[in-house]
1. Restricting attention to region 211-218, does a residue exist that is within 14 Å of the ligand (Cβ to nearest atom), among the acidic types (Asp, Glu) and either modelled with pLDDT under 95 or in the same structural domain as Asn186 (by TED's automatic domain parsing) (or both)?
2. If a residue must be more than 19 Å from Leu172 (Cβ to Cβ) and either within 15 Å of the ligand (Cβ to nearest atom) or in contact with a helix residue (DSSP H, G or I) (Cβ under 9 Å, 6 or more places away or on another chain) (or both), how many such residues does region 121-135 contain?
3. Considering only residues that are acidic (Asp, Glu) and more than 27 Å from Gly149 (Cα to Cα), look in region 1-54 and name the one that is surrounded by the fewest Cβ atoms within 10 Å (Cβ to Cβ).
4. How many residues, within region 180-226, are of a type in the set (Phe, Trp, Tyr) and either touching a residue at least 60 places away in the same chain (Cβ under 8 Å) or surrounded by fewer than 16 Cβ atoms within 10 Å (Cβ to Cβ) (or both)?
5. In region 1-59, what residues are within 16 Å of the ligand (Cβ to nearest atom) and not in a helix (DSSP H, G or I)?
6. Just a yes or no: is a residue in region 220-230 in a helix (DSSP H, G or I), more than 16 Å from Leu198 (Cβ to Cβ), in the same structural domain as Pro297 (by TED's automatic domain parsing) and within 16 Å of the ligand (Cβ to nearest atom)?
7. With the condition kept exactly as written, say whether any residue in region 128-139 is closer than 20 Å to Ala216 by Cα, in a strand (DSSP E or B), in contact (Cβ under 8 Å) with a residue 24 or more places away in the chain and not assigned by TED's automatic domain parsing to the domain that holds Phe340.
8. Can you spot a residue in region 341-364 that is within 30 Å of Asn100 (Cβ to Cβ) and either within 16 Å of the ligand (Cβ to nearest atom) or loosely packed, with under 15 Cβ neighbours inside 10 Å (or both)?
Amino acid sequence: MARINDHYQKLAAGYLFPEIGRRVSAFQTANPKADVIRLGIGDVVLPLTASVRQAMHDAVDEMAVASGFKGYGPERGYAFLREAIAKHDFGDRGVAIDPNEIFVSDGSKCDSGNIQEIFAEDATIAIPDPVYPVYVDTNVMAGRTGQAGANGRYSGIQYLPCTEASGFLPALPNRPVDLVYLCSPNNPTGAVASKAELTKWVDWARANGAILLFDAAYERFITDPELPRSIFEVPGARECAIEFRSYSKTAGFTGIRCAYVVIPAELKGRNARGESVSVAGLWDRRTSTKFNGVSYPVQRAAEAIYSETGCKEVQANIDYYMANAGIIRAGLAKAGFYTFGGVNAPYVWMKTPNGLDSWQFFDALLSQANVVGTPGSGFGSCGEGYLRLSAFGFREKVEEAVGRITKHFA
Ligand code: MLT
């Protein structure tokens, strides 16, 4: 029999969202008449906007004639999209990013999961707790950790607790590491780092020779104009950070798939001989070996959100989801629940009632209120005692869910 990658067997359980899906399906099979409201995984519900749909149609029509047909595209993305990103997502906000520093991909889950491959097998890492579980699991798979302890934490990872006392923001690592994952707005808590906070991280990373892996997948949901949307708004970040951006939630692309990574030319790592190596060069090498690029119609669709009309349409959808977040947050707070997030992020982080742990509350919520959330402990041990509610739902369902939670648990 072929040897497997034993590190996979360290993974404590199934990946969080399929596990939720399994429990919801089992409940739905046993209770076929239950009207289950899903505010678990952050999956968008609003249809594609008119500009996106038109751009995709046009791109398909273009490829339907010999003169416009396209085969393999550039692995790192077409120049038209990378130029639009550099201008609209960065240049217009006063941040200089060269289109050649942008790598278009099929999702931030893949990007934030794959990025660790270009670093040393024994690279040391720090990861906030709670946070998007992909960061931990992919490092476990790569063999950078020992076994998980009783609280689900793996030895070899420096966890950065994000608690109510710290405003759900992580403190600096207490020993040097090579890589730090940061997520702002944070999934799951909705906490957002201020510019002063990010400056602290950039200064620390530069002083310690560390690289910040900055996940900004939810930046479009920031409503406070004072809050940074990009780590590159902070001076010095070009020497110490990689940024991940996604169209999934921003433009309703969870089923279309498009995202990108920004790796500045100045960012360097060091090889075994102590020589400095371009990180973008490594990612380019990886991308061109393992990826054939995002499809042309999808890249044209992504480009369409930067037109004047496309931008307005996307903003209307974001406003819709953020109004949902406000309804969840205000409704639950009024009923006496502790809530956080939902102001600059599409997730509301609530404390579980009646001393229930996260999974107990998940099960009670599903069986009594027929509402699906995401157990906080699935994002890390500091998430225990919390549940995340997603604002990506239809308005009437969101209102109904808040009413049911209040009725059964307040
Ligand atoms: C979430 O619910 O945390 C996200 O939808 C998961 C993802 O983006 O992969």
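1. For region 211-218, residues within 14 Å of the ligand (Cβ to nearest atom), among the acidic types (Asp, Glu) and either modelled with pLDDT under 95 or in the same structural domain as Asn186 (by TED's automatic domain parsing) (or both): present.
2. 3
3. Asp35
4. Residues meeting the conditions: 3.
5. Gly14, Tyr15, Ile37, Arg38, Leu39, Gly40, Ile41, Gly42, Asp43, Val44, Val45, Leu46
6. yes
7. Yes, region 128-139 contains at least one residue that is closer than 20 Å to Ala216 by Cα, in a strand (DSSP E or B), in contact (Cβ under 8 Å) with a residue 24 or more places away in the chain and not assigned by TED's automatic domain parsing to the domain that holds Phe340.
8. no
The values are calculated or read from the model by the stated rules, or taken from the named source; none is laboratory data. Note that the structure is a prediction, hence the values are computed from the model and not measured. As a convention, Cβ positions derive from the backbone with ideal geometry for all residues, glycine included, and neighbour counts pool all protein chains shown.
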